[in-house]
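The block underneath contains the structure these notes are about, expressed in structure tokens.
Here, each number is a calculation from the coordinates, and none is a lab measurement. The structure presented is a predicted model; accordingly, all values stated were derived computationally and were not measured. Ideal geometry is used to build each Cβ from the backbone, glycine not excepted, and the neighbour counts take in all protein chains shown.
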Amino acid sequence: MTQRDHSLDTLLDLNGQVLVIDAAGYWVRFVVTQIPVSPEKPHGLDYTMTLHAPDGERLVGFDNAHQVKGQKGRATDHRHRHRTVKPYAYRDAAALVADFWSEVEAVMREQGVWS
């Protein structure tokens, strides 16, 4: 019997949230729904978490909505950073959220918005 991932509840609570994270107008959006486990979505989640610049440009994204170029088969967990897309090794909901915020922080520092 697999143990329930209690951090999943926290992740699911973020669904629909849009948060302005800086006075300059950078914002994040969370779309997270629980779905039946399938070969395409083995975690039982459909998720998209994104960081946007004030003009709406997506700077960071973590999702499992589509196939990653060069990967065969199903939609896979992956992350976007600017125009680069790389596979993401999903471990659990807590790690997903932590990894997303780490990437957000790194990009905000690169943009010179956070020091």
Residue-normalised 222 nm signal for the chain, counting each DSSP H run of n ≥ 4 as -39,500 (n - 2.57), nearest 500 deg cm²/dmol, is -7000 deg cm²/dmol
Semi-axes in Å, largest first, for the chain (Cα gyration tensor, √(5λ)) are 25, 17, 12
Within the chain, excluding any trypsin sites (Lys or Arg not before Pro) found in a DSSP loop (not H, G, I, E or B) and having at most 10 other Cβ atoms within 10 Å, the longest uninterrupted segment runs 5-68
Taking Cα atoms only, helix 93-110 is inclined relative to the longest principal axis of the chain by an angle, in degrees rounded to 10, of 20 degrees
Residues meeting the amide H criterion for TRP114 (H placed from the backbone, H to H distance under 5 Å, 5 or more places apart or on another chain) are ARG109
